[in-house]
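The values are calculated or read from the model by the stated rules, or taken from the named source; none is laboratory data. Quick caveat: nothing in here was measured; it's all calculated off a predicted structure. Ideal geometry is used to build each Cβ from the backbone, glycine not excepted, and the neighbour counts take in all protein chains shown. Calculation scope for accessible area: heavy atoms of the full protein, side chains included, ligands and nucleic acids excluded. Shrake-Rupley method; radii C 1.70, N 1.55, O 1.52, S 1.80 Å.
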Amino acid sequence: MEYRLIFKDYSKALKQNRLLGLKCNDCGTVTCPPMMVCRECTGTNHEIFQLSGTGKIVTFTTSYIAPEGRENEVPYTIVLVELDEGPWIMGNLVDMDNRNVTMDVMGERVRLSSRVYPGDKYSAGDAARPGFSFVK
Ligand SMILES: [Zn+2]
């Protein structure tokens, strides 16, 4: 079994603010982030699919404690987003002061606004993470 979409290519697309997943040819389900098998039917008959990058915030958490080497990023907010195509993914809430995030963000429409973060001693260099900003 081979990976249809490897992390390196997923990450490369994220750096270009494009969100890639896999669309199942058997049941039509979209899987994101990409996995070896369809998240619905566990089949492997799928193709690379570009998602819209839009969805709504399901829940969130704001962290004031940084992992080692990322002290300059706090506070930051991680959101769980239900994408319009169905998958739920996590990302950083960007383009706002995270000290002001309240429960009111739940259910808000967001769109992909990925960010590239510098590598640290635990990573292999710069990496893109899904970021989300509010749809205005
Ligand atoms: Zn499927």
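Here are the numbers for this structure:
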{"quantity": "Condition check for Asp120: in contact with a strand residue (DSSP E or B) (Cβ under 6 Å, 6 or more places away or on another chain) and either of a type outside the set (A, V, I, L, M, F, W, C) or farther than 16 Å from Leu19 by Cα (or both)", "calculated": "no"}
{"quantity": "Pick from the stretch 1-28, criterion part of a helix (DSSP H, G or I) and either open to solvent by 40 Å² or more (accessible area, probe 1.4 Å) or of a type outside the set (Phe, Trp, Tyr) (or both), ranking: nearest to Arg111 (Cα to Cα)", "calculated": "Leu14"}
{"quantity": "Top-ranked residue of the stretch 96-135 - restricted to ones that are of a type in the set (Phe, Trp, Tyr) and not in a loop (DSSP other than H, G, I, E, B), ranked as surrounded by the most Cβ atoms within 10 Å (Cβ to Cβ)", "calculated": "Phe132"}
{"quantity": "Qualifying residue in the stretch 76-84 (condition: open to solvent by 50 Å² or more (accessible area, probe 1.4 Å), within 23 Å of Arg4 (Cα to Cα), among the aliphatic types (A, V, I, L, M) and within 13 Å of the chain's Cα centre (by Cα))", "calculated": "no"}
{"quantity": "Total residues in the stretch 15-31, condition aliphatic (A, V, I, L, M), in contact with a Gly (Cβ under 9 Å, 6 or more places away or on another chain) and away from the ligand (no atom under 12 Å from the Cβ)", "calculated": "1"}
{"quantity": "Evaluation of Val37 against (1) open to solvent by less than 50 Å² (accessible area, probe 1.4 Å); (2) part of a strand (DSSP E or B) (one fails), failing number", "calculated": "(2)"}
